[in-house]
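To keep things clear, I will list the structure first and then write my remarks on it.
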Amino acid sequence: MQAVNDVAASFPTTSRNRVKRVHERGSYDHAAVFAVLDAGMLCHVAYTFEGQPYCTPTIHWREGDFLYWHGSSASRMLRQLRGGTPACLTVSHLDGLVLARSGFNHSVDYRSAMCFGTARIVEDPAEKLKALAGIVDRFYPGRSETLRPISAQEAKATTVIGMRIEEASAKVRAKGVGDDEEDYTHPVWAGVIPVRMVIGAAEPCPRLMPGIERPVNLDGYAEGERLDRALTRAQRVYEGGV
């Protein structure tokens, strides 16, 4: 899939993706939605199977306005996707704990995106192999070329699902404390406690062959770096950017 070049474009606003509560925090711009998607590795995909709602956590990756995720070929829920089914994929980031002077005004700072479309199993062998390489290269650009090729059995055991984003919205809260005016004189501590997911020190496999060094294309995942920033940079490289 080709990347979307028009970052000023927006998704259509419909009854499905319209932000109703605190609507001023919402955005339908491709750039706003993609920024939230690209800063995360884990998503939740919701759909209905035989009248029962399911919500599955999984790894996602984006190519333009197309989303991919994967699962086991033995999953009965995924097998129903051959004919296509409506799905909703969400990604969220917790950025801060907001402590106010009243319980009502306690909150969190966050970034979130909700994407709607029709999820289908990727049946074309060439597209499937490209997507299976994409799940590696999206997070670690160029790494798939250095790996042992995927076997036929591994490809058979893995189901790849694709969904073009038909409608989407992003919603962000980053305002800090929002107390009622009359509460600012109440004598209790208030403020924001930032929350970050940070990369730790790498732990090399004890069975590495002699002379194998960590490649430079993993430098973005440096100890102490924020994961969301590392993932966003990796997406830009994956799309052919700087």
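Please treat every number below as a calculation from the coordinates, not as lab data. Predicted model only: the values in this text are computed from it and were never measured. FYI the Cβ positions are ideal-geometry reconstructions off the backbone, even for glycines, and counts take in every protein chain you see.
Let me check against my output: what whole-number percent is the relative contact order of the chain, with C-alpha pairs under 8 Å and at least 6 apart?
Reported relative contact order: 25 percent.
Could you give me the ³J(HN,Hα) list for segment 152-161, computed from phi with Karplus coefficients 6.51, -1.76, 1.60 and θ = phi - 60°, whole Hz, x at Gly and Pro?
In residue order, the calculated couplings are 4, 5, 5, 5, 5, 7, 10, 9, 10, 10 Hz.
Place a point 7 Å from Cα of Phe104 in the direction of its Cβ. Which residues in segment 183-198 have their backbone N less than 20 Å from it?
Of the residues in segment 183-198, 183-191 have backbone N under 20 Å from the label point off Phe104.
For the pair Thr158 and Ala9, how long in nm is the line joining their label points, each one 7 Å along Cα→Cβ?
2.8
Summing -39500 (n - 2.57) over the DSSP H runs of n ≥ 4 in the chain and dividing by its residue number, what mean residue ellipticity at 222 nm do you reach, to the nearest 500 deg cm²/dmol?
-5000 deg cm²/dmol
Can you work out the FRET efficiency for the pair Cys205 and Leu227, with r the C-beta to C-beta distance and R0 = 25 Å, to the nearest 0.05?
That gives a FRET efficiency of 0.75.
Kindly provide the GluC sites (Glu not before Pro) of segment 10-118 that DSSP labels as loop, not H, G, I, E or B, and whose Cβ sees at most 15 other Cβ atoms within 10 Å.
Glu50
For segment 23-195, what is the charge dipole size about the Cα centre, in debye to the nearest 20, if Lys and Arg each add +1 at the Cβ and Asp and Glu each add -1 at the Cβ?
The calculated dipole for segment 23-195 is roughly 860 debye.
Could you tell me the center-to-center distance, by alpha carbons, between segment 179-242 and segment 105-128 in angstrom?
Cα centroid to Cα centroid, the span is 21 Å.
Of (1) 67, 50, 36; (2) 79, 33, 29; (3) 61, 42, 35, which is the value of Cα extents along the principal axes in Å derived from the coordinates here?
Among (1) 67, 50, 36; (2) 79, 33, 29; (3) 61, 42, 35, the one calculated here is (1).
Work out the count of Lys pairs in the chain where the Cα-Cα distance is under 22 Å, with the pair 8 or more places apart or on different chains.
4
Would you work out which of Ala87, Ala39, Phe104 lies farthest towards the positive end of the dipole of segment 23-195, given +1 charges on the beta-carbon of Lys and Arg and -1 on that of Asp and Glu, about the Cα centre?
The listed residue farthest towards the positive side: Ala87.
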